[in-house]
Structures are given as C-alpha cells and as structure tokens.
Amino acid sequence: MNLHGLATGLWEELRDAQFFPKGSRAGPGPGRGADSPRGARGSAPARRLPGALKCGASPPIIAIVRRMQLVELEDLPWMPAAIRDGGTDLLDLGFDRLGFYRGVVPKLAALLDRTGRTQVIDVCSGGGGGALYAIRALRDEGREDVRFVLTDRYPNEAGRARVAARSDPRLVYRDEPVDALAVPAELDGVRTMWGALHHFPPEAVTALVASMVADGKPLAFFDVAASPALRRLPGALAPLMMGVNMTALFVGSFFLVPFVRPLRASRFALTYLVPLIPALVAWDGTVSAIRAYAPEELLAIARAVPGGDAYDWDAGVAGSALYFTGCPRAA
Ligand SMILES: C[S@@+](CC[C@H](N)C(=O)[O-])C[C@H]1O[C@@H](n2cnc3c(N)ncnc32)[C@H](O)[C@@H]1O
C-alpha cells in the first residue's frame, strides 16, 4: 500500500470510528469527508457489526464503533519474516518481562481441570510468548501431563527455536502454517490464543467462536484489554496519543533488542542500522491498543453465536490482561 493509500485508509478508519465528528472538514481532501461514501457506492457499510451488536440496545454498540480495525504491519503477507519475527519477538519479550499473563493462567488451569483435557492447541503463537509463559507456569504447579501444540499462519523461526531449547517432550511448534480460522480437525484440545485476538475484526471473532461452539471445543483467549481511558478519549486527542505511544515503543525497542534470545544478526541490523523492527513495533503496538476488545464485547459476540447458550462464558481483566473463556456446559 502506498503512502497516500495508507493515509487515506487511516483517515477513513478514524472518521468511521467517530474519532472525528461526521462532516468534519479535516482530512485528506475533497470526496473523503463524512459524506463521501464508501457505503453510498452500494458496497458494505463502512463499519459492519455482528448482528447481535447491531440489534441489541446495549452499550457495546458505542464501544465497538470506537474500536478501529487498522492494519498491523505483521499481518501483511509480504512482510519479510526477519522484520515480522523481530517485531513479535520484541512484543513477546516485553509481555514476558512484565509478567503480563500472570493473572490469567489460573483461568486456563481451571478450564483444563473442568474439561479433563490435557492437550492445548495454541493458535497465532508467533514467538511463543503467552503459550511459553503459560506452560512454564503450569509446569511450576506440577502439571507435567499438559501438552502444548503451538501453531501460526506464519510459523516464527525464533519461536520454534525457543520451543526446541526447552527440550520438553510435551511442547511442540508445528512447522506447517495453521490458520486460526481453519484449524485441522486432528488438532484437538483446549484452544488458546495469546495477544492476538485483536488481530481479528468482530466478524472474524464471531466466525472463530462459532466454529468452536459448533465442534463443542473449549477455548481460552487472552489479550491486551481495551483501555477504558482510551475509549473515553476525545477524538481530537487520538492522533496525539498515537504519536506519544509510537515514540515510546520506537525508543523502547532499542533498549530491549539485546535481551531477545536467540541472538540474531538480522535483528540487530534491522534495529540499529535500518530501524525497521522498531518502526513495526511502534506501529503495531499502538494499533493493538486501538484494536483491543473489551470483555463485554466478547461476551456479546459469544452469546449470540448459534449454540452459544450451551456454553459457560467468562470474560474480564486480570492484572492488565484480558481473558475470555468458553466451556461447553456438558463438559
Ligand atoms: C502478536 S503476534 C503473536 C503473539 C503471541 N501469541 C504471544 O503470545 O506473544 C500475532 C500472531 O498472530 C498470527 N496471526 C494473525 N492472524 C492469524 C491467523 N488468521 N491465523 C493464524 N495466525 C495468525 C501472526 O502471524 C502473528 O504471529
């Protein structure tokens, strides 16, 4: 996507998300104001909502509208692996150092206990961050029988190396790409996802949850939570907030890179010679915060999928992490 395309897309996202008032004259130019209409061309409305959220009279309508589905650079298929992996490795390290998931691992343990399952299928594993943290925490509790299978649409080389370094016979990283929306039937177990739910727009979360409910699978998803303060931020301050956040992440990346293992020359070159990894971390980290879901949005989606009423759903925030679990009531 060229710079003009990116700027236009960003503007439309900000406008559609009501960060700017309808009819605002600020923006890339004529024909791009609030009345210029992606919707009026007869295409899908600019912001599609899951049916339940559109029909319900509940507050999630506002919250969902304010969440923006901007593009993360690591999701672009043409992104070179050295840059994508460098970025996900850094985000993973940041989360690990902060003990970000400490408060939510008990949710996974409880789901394993309740369902009697011992296999966890982790999707969107990236560099392994959350899943590797969880398996360490479960082993520390003496749960030696739990087996983790890590998967990703773009399997992360350093993540696979980290898994191999653990020499744990019940921990594997699958070589073949696995799309979270089309997980092969043989990968059976409690489905987990760490730090990636925000990559999926509400329609895809609905599809994801619906497919698991149709198969009667338990799920435990963990992520960054939507910040209530950010959701209340006056629209005009959004670009300023994004700028501050991006600067902090860009600069912070230079300090974190030496701590990432295994060491890679490409990671150093793409940080200190041509800072493409800090640029990716700055953009993706900021967009992640904007795309994050609130617990009540996920519960609204879950309860609306066909068969969702046969599940026990739970969502909330523990520490700073969002948790969202679903268990077939029959389990
Ligand atoms: C933020 S990163 C991974 C975070 C990692 N799970 C952790 O705990 O730190 C998001 C990952 O999701 C993967 N991803 C995005 N969309 C996907 C999809 N539809 N199917 C599988 N993986 C996907 C990306 O390749 C990327 O590795």
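The values are calculated or read from the model by the stated rules, or taken from the named source; none is laboratory data. Because the structure is predicted, anything quoted here is derived from the model rather than measured. Glycine also receives a Cβ, built like all others from the backbone with ideal geometry; neighbour counts cover every protein chain displayed.
Residue-level check: of (1) in contact (Cβ under 8 Å) with a residue 12 or more places away in the chain; (2) surrounded by fewer than 22 Cβ atoms within 10 Å (Cβ to Cβ), Y173 misses just (2). A search for C-beta distances below 6 Å between a residue of the stretch 192-209 that is under 15 Å from I121 (Cα atoms) and assigned by TED's automatic domain parsing to the domain that holds G127 and any residue that is within 7 Å of the ligand (Cβ to nearest atom) and of a type in the set (V, I, T), counting only pairs 6+ apart in sequence or on different chains, returns M193/V123. Kindly evaluate V205 against the criterion of being within 14 Å of the ligand (Cβ to nearest atom), within 21 Å of A315 (Cα to Cα), of a type in the set (A, V, I, L, M, F, W, C) and modelled with pLDDT of 95 or more. It is true that V205 is within 14 Å of the ligand (Cβ to nearest atom), within 21 Å of A315 (Cα to Cα), of a type in the set (A, V, I, L, M, F, W, C) and modelled with pLDDT of 95 or more. Candidates L276, L240, L230, L256: the one that is surrounded by fewer than 18 Cβ atoms within 10 Å (Cβ to Cβ), touching a residue at least 40 places away in the same chain (Cβ under 8 Å) and among the hydrophobic types (A, V, I, L, M, F, W, C) is L230.
Going by the conditions given, is D168 more than 9 Å from the ligand (Cβ to nearest atom), more than 18 Å from M193 (Cβ to Cβ) and either assigned to a strand (DSSP E or B) or touching a helix residue (DSSP H, G or I) at 6+ places or on another chain (Cβ under 9 Å) (or both)? In short, yes.
The residues of the stretch 279-331 that are of a type in the set (V, I, T) and crowded, with 22+ Cβ neighbours inside 10 Å, listed by number, are V281, T286, V287, I290, I301, V305, T325.
If you scan the stretch 123-157, which residues turn out to be away from the ligand (no atom under 11 Å from the Cβ) and either outside any loop (DSSP other than H, G, I, E, B) or surrounded by 18 or more Cβ atoms within 10 Å (Cβ to Cβ) (or both)? Scanning the stretch 123-157 gives I135, R136, A137, L138, R139, D140, V146, R147, F148, V149, E157.
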